[in-house]
Structures are given as structure tokens and as C-alpha cells.
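Written out below as C-alpha cells is the structure these notes cover.
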Amino acid sequence: DTGVSQDPRHKITKRGQNVTFRCDPISEHNRLYWYRQTLGQGPEFLTYFQNEAQLEKSRLLSDRFSAERPKGSFSTLEIQRTEQGDSAMYLCASSFGDTNQPQHFGDGTRLSIL
Amino acid sequence: LAKTTQPISMDSYEGQEVNITCSHNNIATNDYITWYQQFPSQGPRFIIQGYKTKVTNEVASLFIPADRKSSTLSLPRVSLSDTAVYYCLVGLSYSSASKIIFGSGTRLSIRP
């Protein structure tokens with residue numbers, strides 16, 4: 001069990017650029033979650049996959065955001081035409097079984113928009 | 001939607017027992033109570049989960065009264081490394097992941 005891995009750990013980009021983050025969950029975990037966290041706040045739910053199916057999306061996830069989990073393994077989160085307000089920590093978590101099971105988090109990707 | 005209320009911050013000293021209480025008046029029958037710990041620049045880390053009465057593991061205890069409208073995370077003999085933000089969550093029994101709300105957590109500071 002190597003834990004949840006996220007790449008890159010930090011991303012600095014100019015406003016208007018597209019960025020893509022990757023998450024590798026714990027193998028055999030069927031559920032994968034994406035969260036966004038801003039300074040001083042707790043993580044906010046963005047979207048959730050069960051295997052390869054994206055089952056829920058938060059209203060926070062505007063049309064500029066898209067997430068995929070091909071083959072039910074790793075996941076990517078893409079932000080198009082980034083804005084200043086997108087600056088945040090993007091966290092990925094995975095779990096096995098139903099929603100009662102605790103989530104295992106990666107250490108996130110910190111996005112800074114110049 | 002089960003909202004939680006926690007103190008914004010707490011201070012304590014090394015070697016003391018720390019109790020952090022979380023209120024969740026609207027907890028549903030099937031909801032579990034889960035606590036996470038988060039250090040700066042790291043993702044949250046699961047500490048403990050319970051449904052009723054008392055749960056204990058190697059790092060903490062969780063006390064849940066009969067009405068389940070609150071819960072208390074107890075950290076025995078804290079050290080400087082326990083300085084972190086602690087989040088109380090309820091509602092993991094929901095099939096809807098969007099109902100998982102972390103809130104702002106409790107910022108615990110441990111002094112020598």
C-alpha cells in the first residue's frame with residue numbers, strides 16, 4: 001500500500017492557461033474523490049467516481065473543470081482557461097466499499113495562478 | 001444535511017489530554033461520525049470513526065452520547081506533533097458523496 005499519489009505537487013501557471021492534475025489512488029480502491037481546499041478552510045467536495053463512472057459533481061465544478069477516470073484506475077482533473085479564483089490545493093482521496101468507509105487522501109496539488 | 005459545529009481553535013500543553021467536541025444536532029439514523037487530522041501542506045488523515053458509545057484505537061478515543069447529537073475526540077497525552085487541524089464529519093452513510101462536509105475544523109496548538 002503506497003498511498004494515494006498526486007502529481008504534480010505544485011503548479012504555477014498564468015491566467016487563461018489549461019492545467020491537468022493526476023491522481024493515483026490506492027490500488028483496489030473503487031471510489032475516488034476530488035476536493036478543493038483554500039487557505040483556512042476545510043476541503044470542499046468537487047466530484048466523485050465509482051470505478052470509471054463519474055457519479056456526482058458539485059456545483060463548484062464549473063464547465064471549465066473536467067475529470068476522468070479511465071479504466072477505473074488513475075484519475076485526471078483538468079481546468080481550462082484558469083482564473084485567479086482557481087488558486088487552491090486540489091486533493092484526491094480514495095476508498096473501498098461504500099461511503100461509510102474512511103477516505104485516504106493524497107497530499108494534493110497546490111495550484112497558483114499568476 | 002448534517003452540519004457540524006466545532007471550536008475554531010484550542011490550545012494545550014504537552015502531556016495533557018485534549019478533548020475536542022463536535023456538535024451535530026441533525027445527525028441521521030444511519031450517519032457515522034468520522035474525524036480527520038490535517039497538517040499543513042498535507043492531505044487529511046483518518047483518525048477514528050464511530051457510530052455510538054465509545055471507540056478507541058491506538059491514537060485516539062471517540063465518545064458518542066446516546067442521543068448522538070455530539071461527539072468528543074479525545075487525544076491522550078498530546079505532543080507537539082499533534083499540532084494540526086482536526087475535522088469532524090458526519091453523513092458518510094449517505095450514498096451521496098456531495099453531502100460530505102468538512103467545515104473549517106478545529107486548529108489545535110500544543111505548547112511545550
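The values are calculated or read from the model by the stated rules, or taken from the named source; none is laboratory data. On a predicted model such as this, the values are computed, not experimentally measured, just so you know. We place every Cβ from the backbone using ideal geometry, glycine too, and count neighbours over all the protein chains shown. What goes into the accessible areas is simple: the full protein's heavy atoms, side chains included, and nothing from ligands, DNA or RNA. Shrake-Rupley method; radii C 1.70, N 1.55, O 1.52, S 1.80 Å.
Cβ separations smaller than 6 Å between residues 6+ apart or across chains give the following pairs from segment A:59-82 residues that are within 12 Å of A:Thr20 (Cα to Cα) to residues that are open to solvent by less than 20 Å² (accessible area, probe 1.4 Å) and not in a strand (DSSP E or B): A:Ser75/A:Arg69; A:Ile79/A:Asp86. Looking across segment B:13-39 at every residue that is at the interface with another protein chain (Cβ under 10 Å from one of its Cβ atoms) and not in a strand (DSSP E or B), the one that is farthest from A:Ala88 (Cα to Cα) is identified as B:Asn30.
Let's see how each residue does on (1) within 15 Å of A:Pro43 (Cβ to Cβ); (2) open to solvent by 30 Å² or more (accessible area, probe 1.4 Å):
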| residue | (1), (2) |
| --- | --- |
| B:Ile33 | no, no |
| B:Thr56 | no, yes |
| B:Leu62 | no, no |
| B:Arg68 | no, no |
| B:Ser71 | no, no |
| B:Phe102 | yes, no |
| B:Gly105 | yes, no |
| B:Leu108 | no, no |
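If you go through segment A:51-88 one residue at a time, how many are modelled with pLDDT under 90 and either assigned to a strand (DSSP E or B) or among the polar types (S, T, N, Q) (or both)? So the answer is 5. Which one is most open to solvent (accessible area, probe 1.4 Å), of the residues in segment A:36-45 that are within 9 Å of another protein chain (Cβ to nearest Cβ) and of a type outside the set (D, E, K, R)? Per the criteria, the residue is A:Gln41. Restricting attention to segment B:10-25 and to residues that are over 8 Å from B:Ile110 (Cβ atoms) and small (Gly, Ala, Ser), the residue that is farthest from the chain's Cα centre (by Cα) turns out to be B:Gly15. Restricting to segment B:40-61, name every residue that is within 13 Å of B:Thr72 (Cα to Cα), out of contact with any Phe, Trp or Tyr (no Cβ under 7 Å at 6 or more places or on another chain) and facing chain A (nearest Cβ under 8 Å). Once the filter is applied, which keeps residues that are within 13 Å of B:Thr72 (Cα to Cα), out of contact with any Phe, Trp or Tyr (no Cβ under 7 Å at 6 or more places or on another chain) and facing chain A (nearest Cβ under 8 Å), segment B:40-61 yields nothing. Tell me whether segment A:91-112 contains one or more residues that are in a loop (DSSP other than H, G, I, E, B), modelled with pLDDT of 95 or more and away from every other protein chain (no Cβ under 11 Å). No, segment A:91-112 contains no residue that is in a loop (DSSP other than H, G, I, E, B), modelled with pLDDT of 95 or more and away from every other protein chain (no Cβ under 11 Å).
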